[in-house]
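Have a look at the structure below before the remarks.
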Amino acid sequence: MLAIQRIKIRNYEIGLRLREDEFQGLAAPGVHWIFDPLGKLRIEVVSQREPWLVHNKLDVIVKSGALRDRAAVLDLKDHERALVWIDGRFSHVLPPGLYVYWTGLREVKAEIVDARLVRFEHRDLAVISRSQYADRVLETITVEPHCQGVLLIDGQFVETLSPGRYAFWKNMAQVKLFPVDLREAALDISGQDIMTADKVTLRVNALVNYRVVDPRLSVTVAEHAPQALYREAQLALRAVIGARELDAFLAGKDTVAEELAEQVRPRAKAFGLELISVGIRDVILPGEMKDLMNKVTEAKKAAEANLIARREETAAMRSQANTARLLAESPTLMRLKELEVLEKVAASGKLNIMLGEKGLADKVVNLL
């Protein structure tokens, strides 16, 4: 090893003097000659164009005070984070630790933030959350336009957030943000086998329309509010139909739906939901019951048709009786009726008269 070394430090560089790996000070730009026959002295050259200084003895270098007026020193505690702008452009977010930024060639600006607030709010949040290393210290969550976000920190409700983008510091608290959809939704209560009061088993499909009106209740009261509403609707449907006979149920499905809605609505409100409508969609009968109902319906229709025919016959006979009575009571009307008949016969173009007994012949001749 040569006893004398020549080291050139350019204008944008700086030298770190080390003797036996102990920091001794800085070496300014220029040419430096080192006489070191024992090999204990060396100069590490670092570029000031790099944003920050990284060195395994950084704490010693900072404590020596040699970096004063040359660099910005950030010593971040466990609850602190730093936002760093370089040359007027946001660069990155820093976690706790010791950092040194050269300020001779670059404009460096640092903003220290208290992470104990957990939620991070900043006017440049969109840029910061997309920056390098941001995902190491920040968790970002987006609440969609049709939703609201229910924020829980360490299991405690904090606030309800409107649509937008939000950021939270990692490793500071247990953060949960539940997006709640505020649009109208439907629950299909399908395939419910229910026995009526007269022991007939039906399969009923119902439809429940609802929407969330209190996002906090919908998240904190039940583990899954729509699923809880589904169970309540199931139980209410069984209770309402089970108290009715088959004929009463089939004849009053709208009434059943209204009663079902009245029973479910208070429970829905407790879950932060508003019940919009409830309807019976399908009623499926067992095969043998369906055949029996078809036969009953067929017999009813046949009886109705027979009744209608009898009514028509009775009406016709009553009309004929009324006509006969009028003719009997009014000879003139009878004479006009006879003339009407003869007019129709003569209009046919051919009139054949066959005379039998003398009395009948005289009557016809007189009529003519």
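The table below lists the values:
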item	result
Fully extended contour minus Cα-Cα distance, from residue 32 to residue 72, at 0.36 nm per residue	11.8 nm
Per-residue ³J(HN,Hα) for segment 251-256, Karplus 6.51 cos²θ - 1.76 cosθ + 1.60, θ = phi - 60°, Hz, x for Gly and Pro	7, x, 5, 5, 5, 4
Relative contact order of the chain, pairs being alpha-carbon contacts under 8 Å that are 6 or more residues apart, as %	9
Candidates 253, 57, 170: whichever shows maximal mean-square fluctuation once the chain is modelled as a Gaussian network with Cα springs under 10 Å	57
Long-range amide H partners of residue 13 with built H, under 5 Å	48
Rounded tilt (10° steps) of 287-329 against the dominant C-alpha axis of the chain	40
Loop chymotrypsin sites (Phe, Trp or Tyr not before Pro), segment 118-222 (other Cβ atoms within 10 Å of the site Cβ: 14 or fewer; DSSP)	133
Interchain or long-range residues, amide H under 5 Å from residue 113's placed H	81, 82, 83
Burial order of peptide ranges 9-22, 311-324 (average beta-carbon count within 10 Å, highest first)	9-22, 311-324
Extension gain from residue 235 to residue 336, taking 0.36 nm per residue of separation minus the Cα-Cα distance	28.7 nm
C-alpha long axis of helix 358-367 to longest principal axis of the chain, angle in °	60
222 nm mean residue ellipticity, helices alone, for the chain (DSSP H n ≥ 4; -39,500 (n - 2.57); rounded to 500)	-11500 deg cm²/dmol
Degrees between helix 331-346 axis and first principal axis of the chain (Cα, 0 to 90, nearest 10)	80
Read-out Rg/Rh (Cα atoms, Kirkwood Rh), derived from the coordinates shown; its label in [x] 1.57; [y] 1.07; [z] 0.97	[x]
Viscosity 0.890 mPa s, 25 °C: Kirkwood-radius Stokes-Einstein D of segment 1-139 over Cα pairs, µm²/s	145
Cα centroid separation - segment 77-145 against segment 1-38, whole Å	35
Total formal charge among the other residues, if their Cβ is under 9 angstrom from that of residue 203, Lys/Arg +1 and Asp/Glu -1	-2
Cut-off 11 Å between beta-carbons: net charge of the residues surrounding residue 64, Lys and Arg +1, Asp and Glu -1	+2
Residue-span extension gain [residue 248 to residue 12] - 0.36 nm each, minus C-alpha spacing	75.6 nm
Shape call, segment 118-183: gyration tensor on alpha carbons, a/c limit 1.5	oblate
Segment 189-284 - convex hull of alpha carbons, volume per residue in Å³	76
Within-11-Å neighbourhood charge of residue 274 [Cβ basis; K, R +1; D, E -1]	+1
Under Karplus coefficients 6.51, -1.76 and 1.60, residue-wise ³J(HN,Hα) of segment 118-131 in Hz, glycine/proline x	6, 7, 9, 10, 7, 5, 9, 4, 4, 6, 5, 5, 9, 7
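Values in this text are rule-based calculations from the coordinates and carry no lab data. Just so we're clear, the structure is a prediction, and the values are computed from it rather than from any experiment. Glycine also receives a Cβ, built like all others from the backbone with ideal geometry; neighbour counts cover every protein chain displayed.
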